[in-house]
1. So which residues in the stretch 91-134 are part of a loop (DSSP other than H, G, I, E, B), closer than 23 Å to Y18 by Cα and in contact with a Ser or Thr (Cβ under 9 Å, 6 or more places away or on another chain)?
2. Return the pairs, sorted by first residue and then second, in which the second residue is surrounded by 15 or more Cβ atoms within 10 Å (Cβ to Cβ) and in a strand (DSSP E or B), the first residue lies in the stretch 28-51 and is among the acidic types (D, E), the beta carbons are less than 8 Å apart, and the residues are 6+ apart or on different chains.
3. So which residues in the stretch 11-45 are touching a strand residue (DSSP E or B) at 6+ places or on another chain (Cβ under 8 Å), among the charged types (D, E, K, R) and at pLDDT below 95?
4. Only one of T123, T31 is within 27 Å of G9 (Cα to Cα) and hydroxyl-bearing (S, T, Y); which?
5. What number of residues within the stretch 18-31 satisfy the criterion of being among the β-branched types (V, I, T), more than 16 Å from Q41 (Cα to Cα) and surrounded by 15 or more Cβ atoms within 10 Å (Cβ to Cβ)?
6. Across the stretch 91-121, what is the number of residues that are over 17 Å from M62 (Cα atoms) and either open to solvent by less than 20 Å² (accessible area, probe 1.4 Å) or in contact with a strand residue (DSSP E or B) (Cβ under 7 Å, 6 or more places away or on another chain) (or both)?
7. Give me the residue from the stretch 1-13 that is free of Cβ contacts under 8 Å to residues at least 60 places away in the same chain and not in a strand (DSSP E or B) and, out of that set, least open to solvent (accessible area, probe 1.4 Å).
8. Please name all residue pairs, on different chains or six or more residues apart, with Cβ atoms under 8 Å, provided the first residue is in the stretch 123-148 and is without any contact (Cβ under 8 Å) to a residue 24 or more places away in the chain and the second residue is part of a loop (DSSP other than H, G, I, E, B).
Amino acid sequence: MMIRKIDTGDRQRLFDIYLQGVEEGNATFETEIDELKWWHQMKKADVFVIEEQTVVVGWVKMTFVSERPVYKGVRELSLYVDRAERGKGYGSLLLQHMIQFAENNGIWTLQSHIFPENIASLTMQQQAGFTIVGKREKIAKHGARWRDTLLLERRSQKID
């Protein structure tokens, strides 16, 4: 098992894993994705993959929440694991890697938005020290249905 930064050769595999989350309906509001635009956004973020025997089985992404300088240490986290590989601890390893990356790079808050129905992601993040700081009711439509999200955050252990 190895965790590393993404490279251009990962594009299709990362997109395929992301599409699983889109299809399942509890990982993202997205229903249709422009692959080129998606990849361009991925390249601007901090993204790591986890490989098992040279096969990418999951990825984690951290993006800026704002361009304003006062929020330079606040990032939003997204994490996806191939459905055939879930339950093996890969998501937790990716999450711990990103937490350590954040701690080492002056990032003081990691946040995520999770559908309340996504129990696995919610549990994994809470076990990693994320807390629910709010519920955003009917924040956006997923297809034709309004959905809620839970806002979770984890504060750095190194901030003053």
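1. Within the stretch 91-134, the first condition is being part of a loop (DSSP other than H, G, I, E, B), and the residues that meet it are 105-108, 115-118, 128-130.
Now narrow it down to the ones that are closer than 23 Å to Y18 by Cα: 115-118, 128, 130.
Once the filter is applied, which keeps residues that are part of a loop (DSSP other than H, G, I, E, B), closer than 23 Å to Y18 by Cα and in contact with a Ser or Thr (Cβ under 9 Å, 6 or more places away or on another chain), the stretch 91-134 yields F115, P116, A128, F130.
2. Close Cβ pairs (under 8 Å, with a partner that is surrounded by 15 or more Cβ atoms within 10 Å (Cβ to Cβ) and in a strand (DSSP E or B)) amount to D46/K61; D46/M62; D46/R75; E51/I3; E51/V57.
3. Within the stretch 11-45, K44 is the sole residue that qualifies.
4. Numbers: T123 fails: within 27 Å of G9 (Cα to Cα).
Sole residue among the options that is within 27 Å of G9 (Cα to Cα) and hydroxyl-bearing (S, T, Y): T31.
5. Pass one, the stretch 18-31, residues among the β-branched types (V, I, T): 22, 28, 31.
The next check asks that each one be more than 16 Å from Q41 (Cα to Cα); those that pass are 22, 31.
Narrowing the set further to residues that are surrounded by 15 or more Cβ atoms within 10 Å (Cβ to Cβ) leaves 22.
Residues flagged as among the β-branched types (V, I, T), more than 16 Å from Q41 (Cα to Cα) and surrounded by 15 or more Cβ atoms within 10 Å (Cβ to Cβ) within the stretch 18-31 amount to 1.
6. To start, the set of residues in the stretch 91-121 that are over 17 Å from M62 (Cα atoms) comprises 115-120.
Of the ones still in play, those that are also either open to solvent by less than 20 Å² (accessible area, probe 1.4 Å) or in contact with a strand residue (DSSP E or B) (Cβ under 7 Å, 6 or more places away or on another chain) (or both) are 115-116.
Adding up the residues that qualify gives 2.
7. First, the residues of the stretch 1-13 that are free of Cβ contacts under 8 Å to residues at least 60 places away in the same chain: 2, 4-13.
Narrowing further to those that are not in a strand (DSSP E or B): 6-13.
Numbers: I6: 39, D7: 76, T8: 111, G9: 67, D10: 10, R11: 69, Q12: 94, R13: 72 Å².
Top of the filtered list is D10.
8. Note: pairs meeting the criteria are K135/P116.
The values are calculated or read from the model by the stated rules, or taken from the named source; none is laboratory data. Here the structure is a predicted model, which is why all the values come from computation and not from measurement. With ideal geometry, Cβ positions are generated from the backbone for all residues, glycine too; neighbour counts draw on all protein chains shown. The protein model used for the area step is the full one, side chains on, heavy atoms only, and it has no ligands, DNA or RNA in it. Shrake-Rupley method; radii C 1.70, N 1.55, O 1.52, S 1.80 Å.
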